[in-house]
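Participant: Take this structure, written in structure tokens, and hold onto it; I'll ask about it next.
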Amino acid sequence: MKLYNTLTKKVEEFVPRNKNEVSMYTCGPTVYNYAHIGNLRTYIFEDILEKGLKYLGYNVKRVMNITDVGHLTSDGDTGEDKMLKGAKKEGKTPQELAKFYTEAFFNDLKKLNLKKPDLVEKATDHINDYIKVIEVLLEKDYAYKSNGNIYFDISKAKDYYKLSGKTSEDLIVGARSDVSFDNFKKNPYDFVLWFTKSKFEDQDQKWDSPFGVGYPGWHIECSTLASLYFGEYLDIHCGGVDNIFPHHTNEIAQSEAYFGHKWCNYWLHAEHLNDKNGKMSKSKGEFLTLKLLEEKGYNPLVYKYFCLGSHYRNQLLFSYDSLNVAKTSYEKLRKKTSSLKEDGKIDTEKVKFYKEKLKEAISSDLNTSQMLTCVYDALKDSLLNDNTKREIIKSYDEVLGLDLLEKDEKESVLSEKYILDKIKQRSEAKQNKNYDEADSIRDELLKQGVKLIDKVDKTEYEII
């Protein structure tokens, strides 16, 4: 298994710490709104990674957090509190807001055939665990108290910029307006572990702590939750490229300070989904959600198919034109796969051969476009009968999750009956020497994606 490791900046062999057991942590959503389709691209990649590892024979345990406590959009106490802003806008409590959008998020995952992680933990359920970690960081002198808040001192973190490849000079020269250079921090990029004072004095979600009544910073939850279930070591940590800095950078800093050694070996990141205006986000342009795509007539799996056509490390440009191309291709593919008949003896050697082809694509840094090519190669193989093809496609769909063999029972019955009736009408027309009508029926079916194959004693059909 070869994977691109953001930490080392190269594709390298994946070797879990504990033989075939894989510990995997993926950053979950901040549940103040619907996930946009750019967010969902990352979750599609993570699902393919988990299922791909399992297809290769690994046992994978995956943990995901749900951020249901307000965090700022920056570490300078100058951004917006997403949960508080969303709750006020919708006239709900933060808890009500979080519950609604958590359910909406998992509903989106279900529509995309994405597996729910083994463990899903709400940030607000682990306040005492964060406090314990912060106390250790204070004892070890990696953290300090200033103006009522607890900050992590990045100057004491070993090789703080190793994940992002940035330098402190780069950041200061390119400093944004939302970075705090106030007198309360030792360094401008020190980050908050616990807030007791911020510009959000009306924050609804606050808890008692040894540091004062307040709430945790953004980064502490992921490090803490991962350590609760995986201990001192983690194999794989995933997220979008926008998590590399500062979120994952800060996770590494506080976790390695807490444990005293290297924490996670492999860091994997999905690239942005862009539109013509640049990176897709909730704050600009048309807010593209899965629900919106459905309202426009797209099956959610069309969007998934669109994403799988590009490598997760490549930026992907979204447009309705490109989505329409994916829709046409996906629907044609579904017609072919769902029409495969359950007849003929399964050729187990051929099934094994094609499984190995998919494993090669998975092992090549999750080459999803090659995985789709494997599907088409199996379908085009004239030496395979339908039942063998079905067995191969069924196996592939364990990873791809595209419902390739699923049928709408009502539609499939009507469709097959319609085709067989047309074949009967054409046969009768030919017997009556009405060849124009027979040709017309053949052409009509061809336009609908059904190719007739005349044999000596019968007419068969193929979905194209």
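The values are calculated or read from the model by the stated rules, or taken from the named source; none is laboratory data. Being a predicted model, the structure only gives us computed values, none of them experimental. FYI the Cβ positions are ideal-geometry reconstructions off the backbone, even for glycines, and counts take in every protein chain you see. Calculation scope for accessible area: heavy atoms of the full protein, side chains included, ligands and nucleic acids excluded. Shrake-Rupley method; radii C 1.70, N 1.55, O 1.52, S 1.80 Å.
Participant: By per-residue mean of other Cβ atoms within 10 Å, what is the highest-first order of 1-7, 291-297?
Facilitator: 1-7, 291-297
Participant: Given a cut-off of under 8 Å on Cα pairs at least six residues apart, what relative contact order in percent is computed for the chain?
Facilitator: 17
Participant: Taking the chain as the reference, fit the longest principal axis to its C-alpha atoms, fit the long axis of helix 320-338 to the helix C-alpha atoms, and give the angle between the two in degrees, 0 to 90, nearest 10.
Facilitator: 50
Participant: Another question about this same structure. Based on the alpha-carbon gyration tensor of the stretch 299-429 and its eigenvalue square roots a ≥ b ≥ c, which shape applies: rounded if a/c is under 1.5, prolate if not and a/b is larger than b/c, or oblate?
Facilitator: Note, shape of the stretch 299-429 comes out oblate.
Participant: Kindly write out, for the stretch 350-357 in residue order, the coupling ³J(HN,Hα) from the Karplus curve 6.51 cos²θ - 1.76 cosθ + 1.60 (θ = phi - 60°), rounded to whole Hz, with x marking Gly and Pro.
Facilitator: Whole-Hz 3J(HN,Hα) from phi for the stretch 350-357: 5, 4, 4, 4, 6, 4, 5, 5.
Participant: Taking all protein chains in place and a 1.4 Å probe, what share, in percent, of the accessible surface of the stretch 371-464 do carbon and sulfur account for?
Facilitator: In the stretch 371-464, the share of accessible area belonging to carbon and sulfur is 46 percent.
Participant: Work from the charge dipole of the chain (Cβ charges, +1 for Lys and Arg, -1 for Asp and Glu, about the Cα centre) and give the residue of Ala429, Asn385, Gly212 farthest towards its positive end.
Facilitator: Projecting each Cα onto the dipole axis, the largest value belongs to Ala429.
Participant: At 37 °C and a viscosity of 0.692 mPa s, what translational diffusion coefficient does Stokes-Einstein give for the stretch 202-361, taking Rh as the Kirkwood radius over Cα pairs? Give it in µm²/s as a whole number.
Facilitator: 161
Participant: Solvent-accessible area per residue for the stretch 228-362 at a 1.4 Å probe radius, Å²?
Facilitator: With the other protein chains kept in place, the stretch 228-362 gives 45 Å² per residue.
Participant: Amide H to amide H under 5 Å from Val11: which residues, 5+ apart in sequence or cross-chain, H placed 1.01 Å off N in plane?
Facilitator: Residues meeting the amide H criterion: Asn5.
Participant: While we're here: Each residue of the stretch 147-164 in order: what ³J(HN,Hα) in whole Hz does its phi give by Karplus 6.51 cos²θ - 1.76 cosθ + 1.60, θ = phi - 60°, with x for Gly and Pro?
Facilitator: 6, x, 9, 9, 10, 8, 8, 5, 5, 9, 7, 6, 6, 4, 9, 5, 6, 7
Participant: Pull out a ≥ b ≥ c, the square roots of the eigenvalues of the alpha-carbon gyration tensor of the stretch 326-394, then state rounded if a/c is under 1.5, prolate if not and a/b is larger than b/c, and oblate in the remaining case.
Facilitator: Judged from the Cα gyration tensor, the stretch 326-394 comes out oblate (a/c at least 1.5, b/c at or above a/b).
Participant: Quickly rank 332-345, 302-315 as a protection proxy: mean count of other C-beta atoms within 10 Å, highest first.
Facilitator: Listed from highest to lowest mean packing, they are 302-315, 332-345.
Participant: So for the stretch 291-365, taking the charge dipole from beta-carbon charges (+1 Lys/Arg, -1 Asp/Glu), which of Leu301, Ala361, Thr348 sits furthest toward the positive end?
Facilitator: Result: Thr348, furthest along the dipole toward the positive end.
Participant: Oh, and also: Could you give the Stokes-Einstein D for the chain in µm² per second, using the C-alpha Kirkwood radius, 10 °C, 1.306 mPa s?
Facilitator: My calculation gives 64 µm²/s for D.
Participant: Next question, about the same structure. What residues qualify as long-range amide H neighbours of Gly240, i.e. H under 5 Å apart, gap of 5 or more or another chain, H built at 1.01 Å from N?
Facilitator: Close amide H contacts, sequence-distant or interchain: Ala270.
Participant: While we're on this one: Starting from the Cα of Thr459, step 7 Å along the direction of its Cβ; do the same at Asp118; then give the gap between the two resulting points in nm.
Facilitator: So the label points at Thr459 and Asp118 sit 5.5 nm apart.
Participant: Hey, another quick one. Enumerate the amide H contacts of Ser146 below 5 Å, restricted to partners 5 or more residues apart or on another chain; note that Pro and chain-start residues carry no placed amide H.
Facilitator: HN-HN under 5 Å from Ser146: Tyr151.
Participant: Two decimals, Cα atoms only, Kirkwood Rh: what is Rg/Rh over the stretch 354-464?
Facilitator: 1.10
Participant: Set the bar at 22 Å for Cα to Cα. Now go through Lys345/Lys424; Lys61/Lys262; Lys61/Lys140; Lys357/Lys455; Lys336/Lys407; Lys332/Lys359 and name every pair that lies beyond it.
Facilitator: As for pairs spanning more than 22 Å Cα to Cα, those are Lys345/Lys424; Lys61/Lys140; Lys357/Lys455; Lys332/Lys359.
Participant: Kindly write out, for the stretch 369-385 in residue order, the coupling ³J(HN,Hα) from the Karplus curve 6.51 cos²θ - 1.76 cosθ + 1.60 (θ = phi - 60°), rounded to whole Hz, with x marking Gly and Pro.
Facilitator: Values, residue by residue: 5, 5, 4, 5, 4, 4, 4, 5, 4, 5, 5, 7, 5, 6, 7, 9, 7 Hz.
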